[in-house]
Amino acid sequence: MPINLKIRKNEADKPKVKEIQDGYFIRMHEDDVYIVKALEREYQANTDTQEVMLISLSTFGIGLYKNMQELKSRLSDRGSGVEVIRPKQANINIGFEWREAK
């Protein structure tokens with residue numbers, strides 16, 4: 001399944017880890033790209049207390065975090081190997097190929 005991610009670079013508008021929000025992309029070590037997704041629950045209106053998932057675009061693996069603060073803390077520990085990408089900076093295309101079972 002091909003996944004194509006194009007990023008419009010603008011050094012003046014380069015978000016930092018502390019600015020991460022629901023829907024942002026994270027690139028680690030120039031290879032792995034993840035989507036940040038806050039879990040929506042009726043009783044959790046505040047994004048600071050919502051559980052957060054990191055979804056890998058290469059494997060669709062999911063990493064769960066207690067809240068956005070925990071995610072930001074873990075990413076800050078990784079230093080300069082983390083690139084934060086706003087949704088408006090990214091264009092993603094995912095191609096699925098359906099085959100009939102034999």
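The values are calculated or read from the model by the stated rules, or taken from the named source; none is laboratory data. Predicted model, so just to flag it, every value in this text is computed and none were measured. With ideal geometry, Cβ positions are generated from the backbone for all residues, glycine too; neighbour counts draw on all protein chains shown.
Laid out as a table, the results:
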| item | result |
| --- | --- |
| Of the criteria (1) exposed (fewer than 14 other Cβ atoms within 10 Å of the Cβ); (2) modelled with pLDDT of 90 or more; (3) of a type in the set (A, V, I, L, M, F, W, C), which one residue 71 fails | (1) |
| Of residues in the range 80-102 being assigned to a helix (DSSP H, G or I) and at pLDDT 75 or above, the one nearest to residue 35 (Cα to Cα) | 87 |
| The one condition in (1) modelled with pLDDT of 85 or more; (2) surrounded by 13 or more Cβ atoms within 10 Å (Cβ to Cβ); (3) of a type outside the set (D, E, K, R) that residue 59 fails to fulfil | (2) |
| Among residues of the range 22-50, those that are modelled with pLDDT of 75 or more and either closer than 10 Å to residue 84 by Cα or not in a loop (DSSP other than H, G, I, E, B) (or both), counted | 12 |
| Condition broken by residue 81, with the remaining ones in (1) without any contact (Cβ under 8 Å) to a residue 40 or more places away in the chain; (2) in contact with a His (Cβ under 8 Å, 6 or more places away or on another chain) satisfied | (1) |
| The range 59-79: number of residues that are in a loop (DSSP other than H, G, I, E, B) and either under 13 Å from the mean Cα position of the chain (by Cα) or more than 21 Å from residue 17 (Cα to Cα) (or both) | 3 |
